[in-house]
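Here's the structure we're looking at; comments come further down.
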Amino acid sequence: MPDPSTYRPKPGEIPDEPGVYRFRDPQGRVIYVGKAKSLRQRLANYFQDVSALHPRTAAMVTTAAGVEWTVVSTEVEALQLEYSWIKEFDPRFNVKYRDDKSYPYLAVTMGEEVPRVQVVRGSKRRGTRYFGPYTHAWAIRETVDLLLRVFPVRTCSNGVYKRAAASGRPCLLGYIDKCSAPCVGRIPVDEHRALAGDFCDFVAGNTARFVRRTEREMRAAAAELDFERAARLRDDLGALQKALEKSAVVLPDATDADVFAVADDELEAAVQVFHVRGGRVRGQRGWVVEKVEDVGPAELVEQLLLQVYGGESGESVPREVLVPHLPATGEAEVEDWLGELRGSRVDLRVPQRGDKRALMETVQRNAVQALALHKTRRAGDLTTRSQALQELQEALGLDEAPLRIECFDVSHTQETNVVASMVVFEDGLPKKGDYRRFSVRGDEGGLDDTRAMREVLTRRFRRARAGEDAGALPVAGGTEAALEDARAAGATGDGAGLEVVEVDGEAGPALPGGLDPETGRPRRFAYAPNLVVVDGGRPQVEAAARALADAGVVDVALCGLAKRLEEVWLPGEEHPLVLPRTSQGLFLLQRVRDEAHRFAITYHRAKRSRAMTGSALDGVPGLGATRRAALLKHFGSVKRLRAATVEEVAAVPGVGPRTAAAVVAALAATGAGEPAVNTATGEVLD
């Protein structure tokens, strides 16, 4: 592995000017291209201590064997040169937005003597007007079929056109009035070109004048009693309106804009763009990109604009480009570059309010859903899951693939309402029926993350030492600690019979004594896992390792996943394990960790909500909502109720001596500092 110090240039050799730099590997291949306002300052960042660099940046500088640079005059030139080099060398450490398919465009060949309408893909040609891109080719063809009734522009190839002109007979479209047949002189070539121009204007969004013109001609024909022509114009008007319905109106007329949104995590980013022309969404595109280098939102947006517009004609650059973050290079420089491509001014900005902000939020939701769908599809693929499990086996040094993975996460707010979750993945897929949640009691002497993690794992594996299946669900007649574990595992009851409650939206049957409905044996908490994953770094892993050791568990692998840099920590190791960025094993660990976090935070929010809307009177046996309301209405507050005697409480209508004694005892046990809260509204009554 090359040492960056071996090829580091002297600081005085690097110019303090704008430019573009290239890192090359020992074989001379370009592996990274970047630009900078100051080459000297930017390159100095790469040659600091490797341990201080981001793991992906460290991988790049240790793969490279040399660096070279080119000085340019302005940052706009640096932007253009950077894109041309990325396109030429395809460096492995640069972000590349690879589309999974080519998108179709609607093209009108205004550069030909007799323009024609066609659906095209690929590179663009000068003299042709393009509209789109569109998601599906069939959607374009349906729209064109409707518009040809009003704008009968030719759609045939040059060969068909020449044969029709030679024979003097038009093609089928000419006979059914969906082509004006300039090939046989039914319409002059100049009028056909004007017809093609009207077609382009309508598709570009200038629709109102054509609708008004058709309505005016229809009424005039009806007034002249030319009902056949009026009927044809009526059908033409319906075709125009139907074509307009296919494009949603999102912005005012004559608004041309591309709206970008990015949803990303540590390893991947999903990009969505809506193409708005004439105030209507004319097309949509999407990409999912692997974040090879350590880049933020501003750098992602900059690379996105370079690759979307850099290889296309300036005609495709709209008047406005709306982005979630301004590019890292600077707003003015990118606007100048886009303006050069378009040939006129381009407004690049982040929408803050109004319709454009609302549309940006819609595009953002699409990007989030696209990223989630991408991860779901990858997780659902059997080959990918098998590869992920095999990679985890090799990376963690396991004897067999971890077919059952359990992940634990702790959630709290400043050590209040501390809860934990356990999620289970079998064969790389979630098994929600085995999910469990814990209410942390502080058995380990505290409620911080490490002590809470140790307590949860201790309770999870308490019975492993006794030779039982790890974590058997306590049955009737167990100890109080065992009963509490049962409740934390998702059960409620008083010991005479546990009732399984809802676990992540799936409820189990209520069975006396916690018995399995098929075997009649005590219901098991779960099978022993092959791998335990904790959400956190070295402290959480060490706490989990102590819990497993105390429980006598020696045949279960353990690791932790730290969220900041996605590092995998193993017990007893001073340095983390960094899995490759494309590792399916890392993707699986991420998904397991995220699911555990989701399940824990859901339980924490529910518990916190109950605590915020609770009252000292809630736990009094025999005291329902009606009697609680009557007591609070009679005394005015819990403070006054706490000062009352049993006889005074029993004097309230509906409250007997036994209930009154229970109320006084409960309030005395809770102390004098707890306020009363209306459980229906959350209002503090005291």
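The values are calculated or read from the model by the stated rules, or taken from the named source; none is laboratory data. Keep in mind the model is a prediction, meaning the values are calculated, not measured. Ideal geometry is used to build each Cβ from the backbone, glycine not excepted, and the neighbour counts take in all protein chains shown. Surface areas here come from the heavy atoms of the whole protein model, side chains and all, with no ligands, DNA or RNA. Shrake-Rupley method; radii C 1.70, N 1.55, O 1.52, S 1.80 Å.
In region 175-190, is there at least one residue being under 50 Å from the mean Cα position of the chain (by Cα), among the hydrophobic types (A, V, I, L, M, F, W, C) and at pLDDT 80 or above? Looking for residues that are under 50 Å from the mean Cα position of the chain (by Cα), among the hydrophobic types (A, V, I, L, M, F, W, C) and at pLDDT 80 or above, one finds at least one in region 175-190, hence yes. The C-beta contact set for region 1-25 (first residue closer than 15 Å to Gln41 by Cβ, second residue assigned to a helix (DSSP H, G or I) and of a type in the set (Asp, Glu), distance under 8 angstrom, 6+ apart or interchain) comprises Pro18/Glu75; Pro18/Glu77; Val20/Glu82. Consider region 566-581 and keep the residues that are touching a residue at least 60 places away in the same chain (Cβ under 8 Å) and in contact with a helix residue (DSSP H, G or I) (Cβ under 6 Å, 6 or more places away or on another chain). The one that is surrounded by the fewest Cβ atoms within 10 Å (Cβ to Cβ) is Val578.
Pick out the one residue from Gln364, Gln387, Gln369 that is touching a residue at least 40 places away in the same chain (Cβ under 8 Å), assigned to a helix (DSSP H, G or I), open to solvent by 50 Å² or more (accessible area, probe 1.4 Å) and over 24 Å from Pro318 (Cβ atoms). Write out each step before concluding.
Numbers: Gln364 fails: over 24 Å from Pro318 (Cβ atoms); Gln369 fails: touching a residue at least 40 places away in the same chain (Cβ under 8 Å).
Among Gln364, Gln387, Gln369, only Gln387 is touching a residue at least 40 places away in the same chain (Cβ under 8 Å), assigned to a helix (DSSP H, G or I), open to solvent by 50 Å² or more (accessible area, probe 1.4 Å) and over 24 Å from Pro318 (Cβ atoms).
Scanning region 165-187 for residues that are buried (at least 19 other Cβ atoms within 10 Å of the Cβ) and under 17 Å from Thr109 (Cβ atoms) turns up Cys179, Ser180, Pro182, Cys183.
Scan region 158-180 for residues that are without any contact (Cβ under 8 Å) to a residue 24 or more places away in the chain and within 22 Å of Arg232 (Cα to Cα) and report the count. Break it down into steps so the answer makes sense when it comes.
Step one: list which residues in region 158-180 are without any contact (Cβ under 8 Å) to a residue 24 or more places away in the chain, which gives 158-160, 162-172, 174-176.
Now narrow it down to the ones that are within 22 Å of Arg232 (Cα to Cα): 170-172, 174-176.
Of the residues in region 158-180, 6 are without any contact (Cβ under 8 Å) to a residue 24 or more places away in the chain and within 22 Å of Arg232 (Cα to Cα).
Considering region 529-560, and only residues there that are under 20 Å from Asp399 (Cβ atoms), out of contact with any strand residue (DSSP E or B) (no Cβ under 8 Å at 6 or more places or on another chain) and not acidic (Asp, Glu), the residue that is most open to solvent (accessible area, probe 1.4 Å) turns out to be Val554. In region 206-232, the residues that are on the phi < 0 side of the Ramachandran plot form Cβ pairs under 6 Å with partners that are modelled with pLDDT under 80 and of a type in the set (D, E, K, R), at six or more places apart or across chains, as follows: Thr214/Asp236; Ala221/Arg229. When residues in region 427-440 are screened for being out of contact with any helix residue (DSSP H, G or I) (no Cβ under 8 Å at 6 or more places or on another chain) and not in a loop (DSSP other than H, G, I, E, B), 3 of them pass. Scanning region 4-28 for residues that are assigned to a loop (DSSP other than H, G, I, E, B), more than 21 Å from Val71 (Cα to Cα) and open to solvent by 80 Å² or more (accessible area, probe 1.4 Å) returns Pro26, Gln27. For region 49-96, a residue qualifies if it is surrounded by fewer than 19 Cβ atoms within 10 Å (Cβ to Cβ), farther than 30 Å from Gly339 by Cα and hydrophobic (A, V, I, L, M, F, W, C), and the qualifying residues are Val50, Ala52, Ala58, Ala65.
I'd like to know if region 389-396 contains one or more residues that are within 29 Å of Phe599 (Cβ to Cβ), modelled with pLDDT of 85 or more, of a type outside the set (S, T, N, Q) and touching a Pro at 6+ places or on another chain (Cβ under 7 Å). Among the residues of region 389-396, at least one is within 29 Å of Phe599 (Cβ to Cβ), modelled with pLDDT of 85 or more, of a type outside the set (S, T, N, Q) and touching a Pro at 6+ places or on another chain (Cβ under 7 Å), which makes the answer yes.
Across region 245-272, the number of residues qualifying as in contact with a strand residue (DSSP E or B) (Cβ under 8 Å, 6 or more places away or on another chain), under 23 Å from Leu147 (Cβ atoms) and either modelled with pLDDT under 75 or open to solvent by 30 Å² or more (accessible area, probe 1.4 Å) (or both) comes to 6.
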